[in-house]
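Here's the structure, in structure tokens; my notes come after.
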Amino acid sequence: MAIGSFAIGTGEFAIMGLLPNLAGDLQITEPEAGHVISAYALGVVVGAPVIAVLFARFARKPMVISLMALFALGNFGSAMAPDYWSLMALRFVSGLPHGAYFGIAALIAASMVDHGYRARAVGRVMLGLTLATLIGMPVATWMGQGVGWRPTFAVVGGIATVAAVMVLRFVPLIAVSEGASPLRELGALKRPQVWLTLGICAIGCGGMFSVFTYVVPMLTEVTGIATGWVPAVLALFGVGMTLGNVIGARMADRALMPTIGGMLVFNIVSLGAVPFLALYWPTAALSVLMVGFTVAIGTALQTRLMDVAADGQTLAASLNHAAFNIANALGALLGGAAIAAGYGWTSTGPVGALMAVGGVVLFAWSVWLERRDRDAPNDGVPMAA
């Protein structure tokens with residue numbers, strides 16, 4: 001299933017490096033081409049809850065295969081899109097299975113291991129996404145610049161097809177849980193801890209996107225790194241994400257809530273240090289690595305949702321990736337606003353640190369609520385998670 005997440009990650013991130021080629025081919029402006037990214041993100045936000053609820057009674061293995069097939073078709077269609085508006089529609093379709101795939105794949109992976117290894121199993125699924133930033137995105141960008149953006153989407157569709165076949169071949173069939181239904185999935189939304197965990201993700205994780213969205217001009221104009229060296233420094237972001245995924249998963253298996261809280265504090269420190277570290281290239285490279293490492297909180301949050309969603313795990317797990325896309329949008333928006341206000345390229349770091357502080361507030365609220373419910377007298381009525 002990690003191959004599927006690699007395909008999705010490559011398809012999601014590669015377009016960022018292909019905007020000039022796409023704009024020139026379709027005879028549109030680059031800001032208009034950027035709307036293609038927004039269309040995909042909208043598909044993620046819409047598709048995650050809708051698919052999780054409507055297909056609650058479907059077995060998870062066939063669902064994962066179907067979602068990957070839909071993603072493949074969306075990318076094959078994108079490669080053949082005749083104009084701008086058809087491409088917008090096809091990118092929206094490509095984004096629909098994104099959140100549901102990651103949520104359901106994470107649940108399958110966790111069900112295949114002992115309880116103490118759940119986060120590591122989820123981390124292996126997410127590993128494909130982090131490797132996409134390290135390998136898939138640069139290769140896709142290089143390929144797109146050489147042969148065009150259309151073949152790049154076709155290759156992503158091909159990888160997705162291979163992923164669907166491998167799931168069919170190697171993933172066991174897991175029976176649908178008794179009583180599964182759309183209403184039961186929607187029951188997760190009645191649980192405050194589900195909303196708090198999603199809020200931690202949407203707000204507390206936005207700092208990474210705030211910095212990374214504008215990292216290239218920061219490196220060239222503040223740090224003074226030559227343009228030719230920028231890809232090498234950006235590769236460190238992928239290295240940081242990969243390390244964060246692996247190490248963060250192990251930490252989460254040992255101590256889930258301390259990992260979430262500790263990573264939020266790490267986010268505050270690493271993002272707040274960006275204006276100082278960006279002044280010199282060795283420390284700027286370290287900063288990019290550290291910002292990439294903040295993704296370590298992702299696996300912990302996904303695992304936390306499994307604990308608090310009760311019978312609505314599919315919906316909650318899928319919504320985690322919708323929350324990450326909200327974090328992406330918020331981080332880029334607030335970081336851009338700080339730059340536009342004249343605070344400079346490095347202001348995205350403190351903006352991200354403030355977002356992480358917001359995540360800490362929600363985390364503290366979650367811990368307080370959990371302790372209150374645990375310590376409250378229970379008259380035989382189960383407390384809401």
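Structure summary
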| item | result |
| --- | --- |
| Check: the stretch 181-377 dipole with +1 on Lys, Arg Cβ and -1 on Asp, Glu Cβ, in debye | 240 |
| Cβ-defined net charge surrounding Gly123, 10 Å radius [Lys, Arg +1; Asp, Glu -1] | +3 |
| Cα→Cβ-extended label distance, 7 Å offset, between Ala341 and Arg374, nm | 3.8 |
| Overall Cα dimensions of the stretch 231-385 - principal axes, largest extent first, Å | 61, 33, 25 |
| Stokes-Einstein diffusion coefficient of the stretch 1-180, Kirkwood radius over Cα pairs, 25 °C, 0.890 mPa s, in µm²/s | 149 |
| Charge dipole (debye, nearest 20) of the chain; +1 at Cβ of Lys and Arg, -1 at Cβ of Asp and Glu | 700 |
| Electrostatic dipole magnitude of the stretch 95-224 [Cβ: Lys, Arg +1; Asp, Glu -1; Cα centre; debye, to 20] | 200 |
| Taking only Cα atoms of the stretch 269-322, radius of gyration then Dmax in Å | 16.4, 50 |
| Residues His321, His98, His115, His35 arranged by fewest to most Cβ contacts within 10 Å | His115, His35, His321, His98 |
| Inter-label distance, nm, simple model (7 Å from Cα along the C-beta direction), Val367/Ser111 | 3.3 |
| Sorted by Cβ density within 10 Å, fewest first, the residues Ser86, Ser5 | Ser86, Ser5 |
| Fewest-first ranking of Phe13, Phe6, using other Cβ atoms within 10 Å as the exposure measure | Phe13, Phe6 |
| Residue with peak Gaussian network fluctuation, the chain [Cα springs, cutoff 10 Å], from Val125, Val288, Val367 | Val367 |
| Anisotropy class of the stretch 60-166 from Cα gyration tensor, a/c 1.5 cut | prolate |
| Extended-chain gain in nm, criterion 0.36 nm per residue less alpha-carbon gap, Lys190 and Val147 | 10.5 nm |
| Lys/Arg +1, Asp/Glu -1 at C-beta; the stretch 1-180 dipole; positive extreme among Gly43, Gly158, Trp85 | Gly158 |
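Here, each number is a calculation from the coordinates, and none is a lab measurement. Given the structure is predicted, the values throughout are model-derived calculations rather than measurements. Virtual Cβ from ideal backbone geometry, glycine too; neighbours counted across all protein chains shown.
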